Amino acid sequence: MTPPVTQPTANNLDAYFMPFTANRQFKKNPRLLAKAKGVHYWTPEGRRIIDGTAGLWCVNAGHGREEIKAAIARQLEEMDYAPSFQMGHPKSFEIAARHAAMLPGDLNHAFYCNSGSEAVDSALKIALAWQRARGQGTRTRLIGRERGYHGVGFGGISVGGMANNRKQWGVMLPGVDHLPHTHLPAKNAFSRGQPEHGVELADELERIVALHDASTIAAVIVEPCAGSTGYLPPPKGYLQRLRQICDKHGILLIFDEVITGFGRLGASFAAEFFGVIPDLMTVAKGISNATVPMGGVFVRKHVYDGLMNGPENVVELFHGYTYSAHPLACAAAGAVLDIYKDEGLFQRAADLSSYWEDGVHSLKSAPGVIDIRNLGLAAGIDMEGRKDAAGARGYEAFVKAFEMGLMVRQTADTLALSPPLIVEKGHIDEIIEITGKAIKAAA
Ligand SMILES: Cc1ncc(COP(=O)(O)O)c(C=O)c1O
């Protein structure tokens with residue numbers, strides 16, 4: 001493949017204020033990606049990088065899909081944009097009906113936005129509005145979980161549980177509490193699939209209810225598999241227990257499926273995989289294969305119906321985005337669903353998951369590896385950190401992997417892997433081999 005013409009120089013890297021990046025460090029030694037196809041990226045110099053992370057957990061159907069390109073181009077030709085307030089366009093209704101048809105249980109309404117962060121803030125607002133609409137307006141508390149990541153809006157960082165994402169922003173939303181995280185390496189290290197221990201951590205919700213009273217709590221939000229602190233699948237029975245406690249106390253349960261949605265676990269959604277239906281579900285990323293930004297909140301019938309009250313001429317939810325259900329995003333999302341279905345990609349992820357599991361757990365003997373977790377086509381690998389330099393080893397392993405031709409995600413001294421669902425066994429072998437070498441090189 002020929003490299004692109006534009007070769008960035010040190011000079012023109014300065015203006016861009018990069019997100020979630022050590023700007024000065026990066027600009028001294030940039031890692032640039034210029035082309036992508038299938039399970040690969042290419043740097044501007046033409047070096048091939050295997051994509052071990054589906055971009056940022058989002059390019060589930062692989063890069064450069066012709067069908068998606070064509071659908072976006074057709075839509076652009078037909079109509080670039082239509083207002084989303086008090087107006088509609090056919091593709092938004094079409095895609096909502098398709099999503100409703102593939103969702104488990106009676107999750108059968110879709111609200112759209114442009115990112116996972118917006119999806120989370122939208123879901124929290126829908127939960128509060130619903131409690132108020134049913135006469136329970138005192139329920140204003142939101143419960144998140146330690147080590148949770150729910151994007152970067154003020155709602156999302158408030159319920160989120162990662163200190164670095166919270167410490168710069170003061171008090172955030174008031175009235176938020178957190179469940180304990182479920183990472184128990186002393187009991188669960190090197191679990192294959194869901195860990196055995198930790199179901200009792202869901203009972204902490206009872207403690208929180210006892211402290212604040214159920215009449216003050218609107219919703220609980222968790223990622224079925226927490227992604228951003230290194231992939232933490234839920235202990236066996238944990239999500240079921242959370243569901244029971246929420247039901248008992250009239251609390252809405254929100255699953256943030258921004259990374260688990262659209263096939264990552266080998267099922268359409270984690271809700272289906274675990275057999276636990278949340279009241280609201282947030283999605284983004286794989287919804288459009290990351291071609292056009294898109295997010296969504298899927299809502300159960302009783303929540304939607306509960307908001308459809310009052311006079312018909314009154315707006316039921318004073319919330320929305322200029323680009324809600326953007327025509328290009330809807331066109332992309334439709335083409336992506338066709339690919340998922342025609343190529344059986346969710347089943348493919350399920351079929352590959354035991355090969356993947358064996359592969360990632362083969363890294364147990366790599367130097368300084370202290371835990372490995374996996375479920376579906378994703379994994380987290382914890383390395384022992386260096387004394388007085390938390391995260392240094394993880395960063396070095398990430399950089400080494402990139403130099404050796406693999407993209408991994410790094411958070412502190414943990415590496416996360418989540419390849420596109422089109423990955424072949426040979427690619428998995430390559431991902432595992434380079435990850436092992438990078439871990440060794442950073443030892
Ligand atoms: C579980 C979860 N929720 C929300 C988000 C935020 O999504 P976005 O970056 O599209 O705003 C992410 C992003 O990684 C995520 O993993």
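Need at least 3 residues that are among the basic types (Lys, Arg) per element, so show me which strands (runs of 3 or more DSSP E) inside region 378-436 make the cut, counting only ones lying wholly within it.
none
Report, by residue number, each residue of region 100-125 that is more than 26 Å from Pro180 (Cα to Cα) and in a helix (DSSP H, G or I).
The answer is Ala100, Ala101, Met102.
Please pick out the residue among Gly175, Gly160, Gly148 that is touching a strand residue (DSSP E or B) at 6+ places or on another chain (Cβ under 7 Å), loosely packed, with under 15 Cβ neighbours inside 10 Å and of a type outside the set (A, V, I, L, M).
Gly175
Any residue at all in region 205-220 that's within 16 Å of the ligand (Cβ to nearest atom), in the same structural domain as Gly275 (by TED's automatic domain parsing) and in contact with a Leu (Cβ under 9 Å, 6 or more places away or on another chain)?
Yes: region 205-220 contains one or more residues that are within 16 Å of the ligand (Cβ to nearest atom), in the same structural domain as Gly275 (by TED's automatic domain parsing) and in contact with a Leu (Cβ under 9 Å, 6 or more places away or on another chain).
Quick check, is Pro195 within 21 Å of Ser418 (Cα to Cα), assigned to a loop (DSSP other than H, G, I, E, B) and within 16 Å of the ligand (Cβ to nearest atom)? Steps first, please.
On the way: within 21 Å of Ser418 (Cα to Cα): yes; assigned to a loop (DSSP other than H, G, I, E, B): yes; within 16 Å of the ligand (Cβ to nearest atom): no.
When the stated conditions are applied, Pro195 does not pass them.
Just to be sure before I move on: is Arg166 assigned by TED's automatic domain parsing to the domain that holds Phe269, assigned to a loop (DSSP other than H, G, I, E, B) and surrounded by fewer than 24 Cβ atoms within 10 Å (Cβ to Cβ) in the structure I sent?
no
In region 198-246, what count of residues is obtained for those that are polar (S, T, N, Q) and farther than 25 Å from Gly380 by Cα?
Counting residues in region 198-246 that are polar (S, T, N, Q) and farther than 25 Å from Gly380 by Cα gives 3.
Only residues in region 106-119 that are closer than 21 Å to Glu272 by Cα count as the first member; pair them with residues that are near the ligand (Cβ under 7 Å from one of its atoms) and among the charged types (D, E, K, R), Cβ under 9 angstrom, at least 6 apart or cross-chain, and list the lot.
Gly116/Asp256; Gly116/Lys285; Ala119/Asp256
Please list, ordered by first then second residue, the pairs with beta carbon atoms under 8 Å, 6 or more apart or interchain, first in region 239-260 and assigned to a helix (DSSP H, G or I), second among the small types (Gly, Ala, Ser) and buried (at least 24 other Cβ atoms within 10 Å of the Cβ).
Every condition considered, the pairs that remain are Leu239/Ala202; Arg241/Ala202; Leu242/Ala202; Ile245/Ala202.
If I filter region 126-140 for residues that are in a helix (DSSP H, G or I), away from the ligand (no atom under 16 Å from the Cβ) and farther than 25 Å from Ser158 by Cβ, do I get at least one hit?
No, region 126-140 contains no residue that is in a helix (DSSP H, G or I), away from the ligand (no atom under 16 Å from the Cβ) and farther than 25 Å from Ser158 by Cβ.
Give region 258-270 a look and list any residue that's hydrophobic (A, V, I, L, M, F, W, C) and more than 14 Å from the ligand (Cβ to nearest atom), or say none.
Ala267, the sole residue that qualifies.
Failed condition for Ser362, given (1) outside any helix (DSSP H, G or I); (2) surrounded by fewer than 18 Cβ atoms within 10 Å (Cβ to Cβ), with all others met?
Evaluating Ser362 over (1) outside any helix (DSSP H, G or I); (2) surrounded by fewer than 18 Cβ atoms within 10 Å (Cβ to Cβ) leaves (1) as the failure.
The values are calculated or read from the model by the stated rules, or taken from the named source; none is laboratory data. All values reported here derive from a predicted model rather than from experimental measurement. We place every Cβ from the backbone using ideal geometry, glycine too, and count neighbours over all the protein chains shown.
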